[in-house]
Amino acid sequence: MNAVLDVQNLYLGVSQKRHYSPILNGVNLEIQRSQIHGLVGESGAGKSMLAKAILGILPSSTTIDKGYIHFKGNDLVGMPRYERRQLASRHIAMIPQDPMTSLNPVRRVGNQLGDVLRLHMKLNRTLAQERVLELLNDVQIRDPKRVVHQYPFELSGGMRQRVLIAMAFSCKPELIIADEPTTALDVTVQRQILQLIKQLQSETGTSVLFISHDLGVIAKICDHVSILHTGNVVEMQSAVNLFQNPRHEYTQNLLEITSHYYRFENTD
Amino acid sequence: MSFPFLLRRLVLVIPTLIGVSIIVFVLLRVVPGDPIMMMIPPGATEDDIDHLRQLYGLDKPILEQYLVWFSEVLKGDFGTSISLRQDVVELILSRLPATIELAVAAMFISVILGTSLALIGTFWSNQWPETIVDGFTGLNQAIPDFLWGLIFILAFGVLWPLLPVSGRIDPRINLDLVSQFYIVESLIRGEFSVFLTLIKHMIMPAIALALPLTAVIARSLKASLRETMTQDYIRMAQVKGFGPWRILIVEALRNAMIPTVALSGVQFNFLLGGTVLIERIFSYPGIGNMSIGAVIDRDLPLIQGLIITFAILFIVTNLVIDMSYRTLNPRVRNE
């Protein structure tokens, strides 16, 4: 078995004022080494909740009722917070949905990146500073020497997402969870960011769980795709097969709607 | 810190102080109470009274009095105290350091205590420590500083006599300090026994002054910390694997402090005002205590000088707060 992350039969739900609503009903998800695995589903399908469960940042009202999340031979479900942090935080990174709010507004960009390196790579201050410049260079930020001294509000959305991508790749993680990393960006920047993720992924061999509701985006960069529908993975296929030969009825509908949408958009 | 900002603020100080001086000057002469009546011995004649009135220039119209006073103030002369027959500037300068030390100690206590309480209440939110913090802040918002002063005197001065209840220093101590900043000077000179008695005298009035402000800081900071802890960058920090205390202090506290710092500027002014009653209660020889005496004696030059002094203290405090606000918040720093 060559899976980096193996989610098995995961049940998860939210309790609010003694009312319980299930979100995930027995999800299975296996992410292979060095692959970009797409996770597609409409709003409310439970994509973000699955991501949060893997990252260990579920809101306190949400509980995992059943199932396993296997990572590096350990089950992350039910693991004490501290142990989980020791085991997973270096090796599972995140590219967030909204770059505008995901950097600390009162701290310089360079320090925010440097802190992560000092925590996980055990670099000293000087080495971390040098490494930060290299990382910013890798994500094609012009003039990294200036950017490290800037505050997030001085950078554009695309620049901030590049910084966050640099942060995600900085400690050579085994898995990166990208939760709709391009939805908050405008279309031209979206394409650049997608290319950047794809390029860094193939250079480093990191696995990526790429969450999106946009099949067009998924088609561009994913190797495998899982379709999440009402709390269940209804279909898992290689990206090529999925688009040519969708098996599940929901996937067929989804593809049809998407193609209509693109045709409509193109005639516009 | 941009220099033009500081310069702009300093220029604005001048009209503020002139405004304050006019209001005080007029108010003091409109309210009932005649300084001459407080001075004269029983059985003085009308002639004696008129003579005194002329001597102090109180027979002239208000505008003329003001202009005379103002032109002297520009030369650094605030006149002579009517009741104490001493130079006003000298009197105030001899008492001001005591008040500054007391106010700074109280601010220090309230900031440290308020911040700690907010951090504790946030770290263990929805658990018993938060309940205790909430109870404590609620109680302290309801109890004014002077009441705490009386409670402390009763508890630690009378029922369980641990601490001295009046003055600034033990009168038996032979003091050979050159400045009026006793605490600072005794520390610099390494005279720790003197320092210790100073602290013993100050601890009750300082805590009494600090408690209401502590409650305001704790409550406001806890509310904004709670809000800050739901932000995306906090979730990012959790994913990155930073410890919970580090996240709270390094990532959240600085963001959450910004609204609290803005608020505490106003609150520090209440604290300065609070020194008047607290110094009276503890017979502490500062300008607050002196103010009450000056008002009772209708000592016009002294009251005017004291109010200008308080106005300067308010302005300086607010300037410091504004500058720290700008340091904390990079977005307004380079305006």
Along each principal axis, Cα extent of the stretch B:237-299, largest first, Å: 67, 21, 11
The stretch B:163-177-the stretch A:167-226 distance, computed between alpha-carbon centres (Å): 71
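Give me the Kirkwood hydrodynamic radius of the stretch A:187-251, using the inverse of the mean 1/r over all pairs of distinct Cα atoms, in Å to one decimal.
Numbers: mean 1/r = 0.0775 Å⁻¹.
Across the stretch A:187-251, the inverse of the average 1/r is 12.9 Å.
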For chain A: relative contact order, % (alpha-carbon pairs under 8 angstrom, 6 or more apart): 26
Within chain B, helix-based [θ] at 222 nm, where runs of 4 or more DSSP H residues each add -39,500 (n - 2.57), nearest 500: -24000 deg cm²/dmol
Cα-Cα P(r), chain B, percent of pairs per 10 Å interval: 5, 20, 25, 24, 16, 6, 2, 1, 0
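Quick one: of the DSSP bridges fully inside chain A, what percent are antiparallel, nearest 5? Can you show the working numbers first?
On the way: 27 of 45 bridges.
That works out to approximately 60 percent antiparallel.
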Cα-based radius of gyration of the protein assembly as shown once divided by 2.2 N^0.38 Å, which approximates compact folds: 1.36
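Computing the accessible area with a 1.4 Å probe over protein heavy atoms, can you report the carbon and sulfur percentage for the protein assembly as shown? Write down the numbers at each step before the final one.
Numbers: 18060 of 30090 Å².
It is 60 percent, rounded to a whole number.
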Angle in degrees between helix B:3-30 and the longest Cα principal axis of chain B, rounded to the nearest 10: 40
Residue-averaged 222 nm ellipticity for chain A, from DSSP H runs of 4+ at -39500 (n - 2.57), nearest 500: -12500 deg cm²/dmol
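Considering every pair of different Cα atoms, what Kirkwood radius, in Å, is found for the stretch A:85-125? Spell out each step's value before the answer.
Numbers: mean 1/r = 0.0857 Å⁻¹.
Answer for the stretch A:85-125: a Kirkwood hydrodynamic radius of 11.7 Å.
Per residue, how large is the accessible surface of the stretch B:180-332? Use a 1.4 angstrom probe and give square angstrom. Walk me through the numbers before you get to the answer.
On the way: 5720 Å² over 153 residues.
That works out to 37 Å² per residue.
Compute for chains B and A the buried accessible surface, both sides summed, probe 1.4 Å, and express it in Å² to the nearest 100.
Working: alone 18060 and 14070 Å², together 30090 Å².
Roughly 2000 Å² of accessible surface disappears when B and A pair.
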Residues of type lysines that A:Lys17 reaches as a straight line, Cα spacing below 30 Å, ignoring anything fewer than 8 places off in the same chain: A:Lys47, A:Lys52, A:Lys66, B:Lys222
Set of lysines near A:Lys172 by C-alpha distance (under 20 Å), chain-local residues within fewer than 8 positions excluded: A:Lys72, A:Lys122, A:Lys198, B:Lys240
Paired Rg and Dmax values of the stretch B:1-96, which use every Cα atom, in angstrom: 17.4, 63
Per residue value of the accessible surface for the stretch B:1-107 (all protein chains in place, 1.4 Å probe), Å²: 61
Aspartates and glutamates whose Cα lies under 18 Å from that of B:Lys75, excluding same-chain neighbours fewer than 8 positions away: B:Glu64, B:Asp87, B:Glu90
Degrees, to the nearest 10: B:192-228 long Cα axis against longest axis of chain B: 50
Folded to 0 to 90 degrees: helix B:46-55 orientation relative to chain B principal axis, Cα: 50
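Taking every DSSP beta bridge that has both residues in the protein assembly as shown, what percent is antiparallel when rounded to the nearest 5? Show your work: numbers first, answer last.
Working: 28 of 46 bridges.
Beta bridges within the protein assembly as shown, antiparallel portion: roughly 60 percent.
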Low-density loop positions, GluC sites (Glu not before Pro), the stretch B:164-237 - DSSP coil, at most 10 other Cβ in 10 Å: none
Binned Cα-Cα distances of chain A, short to long, each 5 Å bin given as a whole percent: 1, 6, 12, 16, 18, 16, 14, 9, 6, 2, 0, 0
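Working from the alpha-carbon coordinates of the stretch A:1-150, get Rg over Rh, Rh being the Kirkwood radius.
Details: Rg = 18.3 Å, Rh = 17.8 Å.
My calculation puts Rg/Rh at 1.02.
The values are calculated or read from the model by the stated rules, or taken from the named source; none is laboratory data. No experiment lies behind these values; they were computed from the predicted model shown. For neighbour counting, all protein chains shown are included, and Cβ atoms are generated from backbone atoms with ideal geometry for every residue, glycine included. Note: accessible area is taken over every heavy atom of the protein model, side chains too, but ligands, DNA and RNA are not part of it. Shrake-Rupley method; radii C 1.70, N 1.55, O 1.52, S 1.80 Å.
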